[in-house]
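Engineer: I am attaching a structure below and will ask some questions about it afterwards.
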Amino acid sequence: NAGVTQTPKFQVLKTGQSMTLQCAQDMNHEYMSWYRQDPGMGLRLIHYSVGAGITDQGEVPNGYNVSRSTTEDFPLRLLSAAPSQTSVYFCASSYLDSLSGNTIYFGEGSWLTVV
Amino acid sequence: LAKTTQPISMDSYEGQEVNITCSHNNIATNDYITWYQQFPSQGPRFIIQGYKTKVTNEVASLFIPADRKSSTLSLPRVSLSDTAVYYCLVGDMGTGGGNKLTFGTGTQLKVEL
């Protein structure tokens, strides 16, 4: 089982460049989200989606765009990379279970450095 | 989303039971309490989730008092491999709100021989 797959795992960008972090899940989960984690900090929510075609902003959305054209994929786009966006990015997916609530599965992370 | 407060760090020895307490004074009626574990260079991993009283699974127990303003994660007989950061999160998991969680800085648990 692949679970939540993120690519690339490592990326170095120059300031001003754009790129897309890919995220795919094979669990047919409704909900997907993107977080960033800076050194020594907890995760902060960037954007999230409650289903195909529906996205919303999280705590730190500036400089990022998302789309959810399919249930499986939830790419994160950096429009014009800045050094402040150097971080580890985690994609997550989850589903709602009537008994156990909402369990979230995280990808392995994408390390992004902006120089 | 309810804010949580937990100790920054804890130290323990192999074989001991570790209890990490989390405060969430403004927890809402629909909120669940969830704990995640994170190893360096990895994404957080679900440990346990509960709404009230006690929940137990193969790796941990979660104790929630009647007022739900706090919760305690209990790890029985820890080993070196339990050294990690543990996050306590509170959110309305029941409506997909669990997908937009607020993470604090977590508790760094260090287990020694």
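Engineer: Can you name the number of the only condition in (1) touching a residue at least 40 places away in the same chain (Cβ under 8 Å); (2) open to solvent by 20 Å² or more (accessible area, probe 1.4 Å); (3) of a type in the set (S, T, N, Q) that B:Ser12 fails?
Structural biologist: Failing condition for B:Ser12: (2).
Engineer: Let me ask something else. So, in segment B:53-75, exactly how many residues are assigned to a loop (DSSP other than H, G, I, E, B) and open to solvent by less than 10 Å² (accessible area, probe 1.4 Å)?
Structural biologist: Restricting attention to segment B:53-75, the residues satisfying the condition of being assigned to a loop (DSSP other than H, G, I, E, B) are B:57-60, B:65-69.
Still in the list and also open to solvent by less than 10 Å² (accessible area, probe 1.4 Å): B:60.
Looking only at that region, the number is 1.
Engineer: Criterion first (part of a strand (DSSP E or B) and touching a residue at least 40 places away in the same chain (Cβ under 8 Å)) does B:Thr102 satisfy it?
Structural biologist: Details: part of a strand (DSSP E or B): no; touching a residue at least 40 places away in the same chain (Cβ under 8 Å): yes.
No; evaluated as a whole, the condition is false for this residue.
Engineer: I would also like to ask the following. Filter segment A:4-37 down to residues that are more than 14 Å from the chain's Cα centre (by Cα) and under 21 Å from B:Tyr36 (Cβ atoms) and give me whichever is most open to solvent (accessible area, probe 1.4 Å).
Structural biologist: A:Glu30
Engineer: While we're on this one: Please go through segment B:8-52 and pick out each residue that is closer than 17 Å to B:Lys69 by Cβ, within 14 Å of chain A (Cβ to nearest Cβ) and either part of a strand (DSSP E or B) or at pLDDT 95 or above (or both).
Structural biologist: Answer for segment B:8-52, where residues must be closer than 17 Å to B:Lys69 by Cβ, within 14 Å of chain A (Cβ to nearest Cβ) and either part of a strand (DSSP E or B) or at pLDDT 95 or above (or both): B:Cys22, B:Tyr32, B:Ile33, B:Thr34, B:Trp35, B:Gly50.
Engineer: If you don't mind, another one. Only one of A:Arg77, A:Arg44 is within 13 Å of chain B (Cβ to nearest Cβ), basic (Lys, Arg) and closer than 19 Å to A:Gln6 by Cα. Can you tell me which?
Structural biologist: Details: A:Arg77 fails: within 13 Å of chain B (Cβ to nearest Cβ).
Result of the check over A:Arg77, A:Arg44: A:Arg44.
Engineer: Moving on to the next point. Of everything in segment B:42-52, what is open to solvent by 80 Å² or more (accessible area, probe 1.4 Å) and under 22 Å from A:Glu108 (Cβ atoms)? Give them in sequence order. So that I can check it myself, show each step before the final result.
Structural biologist: From segment B:42-52, those open to solvent by 80 Å² or more (accessible area, probe 1.4 Å) are B:45, B:52; that's our starting set.
Result: B:Arg45, single match.
Engineer: Among the residues of segment B:30-83, which ones are farther than 15 Å from B:Gln108 by Cβ, in contact (Cβ under 8 Å) with a residue 40 or more places away in the chain and in contact with an Asp or Glu (Cβ under 9 Å, 6 or more places away or on another chain)?
Structural biologist: Listed by number, the residues that qualify are B:Asn30, B:Asp31, B:Tyr32, B:Arg68, B:Ser74, B:Pro76, B:Arg77, B:Ser79.
Engineer: Still on this structure, I have one more. Among the residues of segment A:48-73, write down those that are part of a loop (DSSP other than H, G, I, E, B), more than 10 Å from chain B (Cβ to nearest Cβ) and in contact (Cβ under 8 Å) with a residue 24 or more places away in the chain.
Structural biologist: Residues of segment A:48-73 part of a loop (DSSP other than H, G, I, E, B): A:52-53, A:58-63, A:67-72.
Still in the list and also more than 10 Å from chain B (Cβ to nearest Cβ): A:52-53, A:60-63, A:67-72.
A:Val60, A:Arg68, A:Thr71, A:Glu72, listed by residue number.
Engineer: Further question: Scan segment A:80-89 and give yes if some residue there is open to solvent by less than 70 Å² (accessible area, probe 1.4 Å) and within 12 Å of another protein chain (Cβ to nearest Cβ), otherwise no.
Structural biologist: Within segment A:80-89, one or more residues are open to solvent by less than 70 Å² (accessible area, probe 1.4 Å) and within 12 Å of another protein chain (Cβ to nearest Cβ).
The values are calculated or read from the model by the stated rules, or taken from the named source; none is laboratory data. For clarity, every value in this text was computed on a predicted model and none was experimentally measured. FYI the Cβ positions are ideal-geometry reconstructions off the backbone, even for glycines, and counts take in every protein chain you see. The area values use the complete protein model at the heavy-atom level, side chains included, leaving out ligands, DNA and RNA. Shrake-Rupley method; radii C 1.70, N 1.55, O 1.52, S 1.80 Å.
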